[in-house]
Amino acid sequence: MPSAACTPRAERVTSEASAPRSEASQTLDRGIRILESLAARGDSAGLTVTELATALGVGRPVVYRLVTTLEAHHLVARADDGRVRLALGISRLASAVTPIVRAEARPVLRELADAVGATAHLTIAEGDEALALVVVEPSWTDVHVAYRSGARHRLEQGAAGRAILAGRAGETGPVASDGELQAGAHGLAVPIVRMSTSPIAAGGVALVGGVDAVGRPTVEASVGVVSLRALDAALIGPRLERAAQALAAILR
């Protein structure tokens, strides 16, 4: 049998790339599934190694090895009671995603704001609050609603939050509001179809809205406009829906 030194380089590369790929991909997949399982938990209690082994369908020794590796990278931590929780390393990674989302979402919102002549916003659910992640004001209007990124309000208030709640119920049409968050302001928003994704961070906090059918975390969001004049849902609704489709691809 020829030695590795005598084997053509292309042949060695092909062999080295193909042989371990399945095993390496499986290990990576299991590690990601551990993070997703912990994120789907939705609280700080964490999961035991036994619970993680059951969720992954593997033995406890496999989970111990994976947790040890994730712990070394500060992605998970083990408490005194042995339960595994997400660690601050997740927020560090997730926080790097937010500027990317903002940069890619801004052109979509710019087009929407200028087309409608109203302030456009991408809003994401964080717990029981709606968080304005990206806000773009129209460039050509003399007067418009001032609405800052980072503004929060309860999901039950305003078109943006109630559109997210409508999305949870499987509804996709426009949701309107009048003067709920600001006197004289009219809002119109549509839900962005729930999509599986890695946690997105705002201010270093990972935002997850729930889990999908296979337990992966999901982001819950809406896109809308707010104006000092009444908004025609029949006219603006299709524009919001197109923006929602574009933003869903970005958030995915």
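The values are calculated or read from the model by the stated rules, or taken from the named source; none is laboratory data. Predicted model, so just to flag it, every value in this text is computed and none were measured. All Cβ positions, even for glycine, are placed from backbone atoms using ideal geometry, and neighbour counts span all protein chains on display. Only protein heavy atoms, including side chains, enter the accessible area calculation; ligands, DNA and RNA are left aside. Shrake-Rupley method; radii C 1.70, N 1.55, O 1.52, S 1.80 Å.
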Complete set of residues in the stretch 167-184 that are open to solvent by less than 50 Å² (accessible area, probe 1.4 Å) and either modelled with pLDDT under 95 or under 18 Å from the mean Cα position of the chain (by Cα) (or both): Gly167, Gly173, Gly179, Gly184
statement: Quick count over the stretch 132-165, residues being open to solvent by less than 60 Å² (accessible area, probe 1.4 Å) and part of a strand (DSSP E or B), is 6
Positions within the stretch 90-131 being in a helix (DSSP H, G or I), of a type in the set (Gly, Ala, Ser) and at pLDDT below 90, in sequence order: Ser91, Ala94, Ser95
query: How many residues are surrounded by 16 or more Cβ atoms within 10 Å (Cβ to Cβ) and either modelled with pLDDT under 95 or assigned to a helix (DSSP H, G or I) (or both) when one looks only at the stretch 227-236?
result: 1
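Every residue, every condition in (1) open to solvent by less than 70 Å² (accessible area, probe 1.4 Å); (2) modelled with pLDDT of 95 or more, yes or no:
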{"position": "Glu36", "(1), (2)": "yes, no"}
{"position": "Thr54", "(1), (2)": "no, yes"}
{"position": "Val62", "(1), (2)": "yes, yes"}
{"position": "Leu70", "(1), (2)": "yes, yes"}
- prompt: What pairs can you find where one residue is in the stretch 163-184 and under 30 Å from Val143 (Cα atoms), the other is crowded, with 19+ Cβ neighbours inside 10 Å and of a type in the set (Lys, Arg), and their Cβ atoms are less than 6 Å apart, with a gap of 6+ or different chains?
  reply: Val175/Arg162
Boolean, Asp81 is modelled with pLDDT of 90 or more, farther than 30 Å from Glu220 by Cα and open to solvent by 70 Å² or more (accessible area, probe 1.4 Å): yes
message: Looking for something open to solvent by 30 Å² or more (accessible area, probe 1.4 Å), free of Cβ contacts under 8 Å to residues at least 40 places away in the same chain, out of contact with any helix residue (DSSP H, G or I) (no Cβ under 9 Å at 6 or more places or on another chain) and closer than 21 Å to Ala248 by Cα - is there at least one such residue anywhere in the stretch 109-123?
response: yes
